[in-house]
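Have a look at the structure that comes next, please.
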Amino acid sequence: MKYKKWIILGLVAGLLLSLTACGPGIPKVEWELKISGDVQTPLAFTYDNLASREMVDLTEILMAKSVGEDEVTSWSGVNLSSLLSEAGADDFATITVIAVDGYAIEISANELTDGIIALKDSGEWIAEVSPDKGPIRLVTPDTPANRWVFQVVEIQVNQ
C-alpha cells in the first residue's frame with residue numbers, strides 16, 4: 001500500500017514534467033533550423049530552443065502577395081539578426097533560405113531589416129493554426145510576401 005502511493009505520486013510528477021518540458025503553451029514540435037555557409041560557427045536550433053527565446057512582435061505588417069489580395073498581418077518570432085550573429089555572420093551579402101520541400105531563395109542583407117523567424121501568426125502558434133505553413137517561417141517586412149519562406153530548415157550565409 002505504501003509503495004502504491006509513491007508510484008502514483010511518481011506517475012503524476014512525470015506527467016506534469018512532460019507537460020511543461022517544452023515550456024508553458026509551447027507546442028511540441030520536432031523541427032530544426034540550421035545556419036550554415038560563411039559563418040564562424042554553424043548552428044542548429046530546435047523548435048523548442050527558438051520558442052523559448054525572447055520574441056519580437058511585428059504588428060500591422062503589409063503582406064504584399066503576388067497572388068490574391070494583400071493583407072495586414074502581425075507576427076511574433078526570434079530576431080533573425082541575433083541568430084545570424086550567434087553563428088558569427090555579422091558581415092555578409094546574402095542569405096539563401098531553404099524550405100523543407102527544397103524551395104530556396106536568395107535574399108540580400110539589405111532586405112533583412114527587422115526580419116524574424118516567425119513562430120506565431122496573429123498571436124497563435126503557426127504550428128497549431130497553419131501546420132502546412134509552419135512551424136516556422138521567415139518574415140521580412142521590407143520584402144514582398146513571396147519571399148517570406150515557410151517551413152524553413154536552413155539558412156545559408158553567403159559572402
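Go through the range 79-100 and give me each residue that's under 20 Å from residue 129 (Cβ atoms) and either in a loop (DSSP other than H, G, I, E, B) or of a type in the set (D, E, K, R) (or both).
100
Let me ask something additional. Can you tell me which residues in the range 101-110 are at pLDDT 95 or above and of a type outside the set (A, V, I, L, M)?
Across the range 101-110, the qualifying residues are 101, 102, 103, 106, 108.
Sticking with this structure for a sec: With the checklist (1) closer than 15 Å to residue 149 by Cα; (2) polar (S, T, N, Q); (3) under 13 Å from the mean Cα position of the chain (by Cα) in hand, flag the one item residue 49 doesn't pass.
(1)
Do we have any residue at all in the range 92-114 that's within 15 Å of residue 74 (Cβ to Cβ) and of a type outside the set (S, T, N, Q)?
Yes, the conditions are met somewhere in the range 92-114.
Write out, first by first residue and then by second, each pair whose Cβ atoms fall under 7 Å of each other, whose residues are 6+ apart or on separate chains, and whose first residue, in the range 96-114, is over 12 Å from residue 81 (Cα atoms) while the second is part of a helix (DSSP H, G or I).
105/147; 107/147
If the Cβ limit is 6 Å and pairs must be 6+ apart or interchain, which residue in the range 32-43 that is on the phi > 0 side of the Ramachandran plot pairs with which residue that is crowded, with 16+ Cβ neighbours inside 10 Å and assigned to a strand (DSSP E or B)?
Pairs that qualify, where the first residue is on the phi > 0 side of the Ramachandran plot and the partner is crowded, with 16+ Cβ neighbours inside 10 Å and assigned to a strand (DSSP E or B), are 37/156; 37/157.
Just a yes or no: is a residue in the range 90-100 charged (D, E, K, R) and at pLDDT 95 or above? Spell out the reasoning first.
From the range 90-100, those charged (D, E, K, R) are 90-91; that's our starting set.
From what's left, at pLDDT 95 or above: none.
No, there is no match, as no residue in the range 90-100 is charged (D, E, K, R) and at pLDDT 95 or above.
If I ask for residues that are farther than 15 Å from residue 120 by Cα and among the β-branched types (Val, Ile, Thr), which ones from the range 43-90 would you list?
If the condition is that a residue be farther than 15 Å from residue 120 by Cα and among the β-branched types (Val, Ile, Thr), then 46, 67 are the ones that fit.
Could you list, in sequence order, all residues of the range 130-144 that are outside any loop (DSSP other than H, G, I, E, B) and buried (at least 19 other Cβ atoms within 10 Å of the Cβ)?
The answer is 137, 138, 139.
The values are calculated or read from the model by the stated rules, or taken from the named source; none is laboratory data. Remember, predicted model here, so these are calculated numbers, not experimental data. Every residue, glycine as well, gets a Cβ built from its backbone with ideal geometry; the counts of neighbours run over all protein chains shown.
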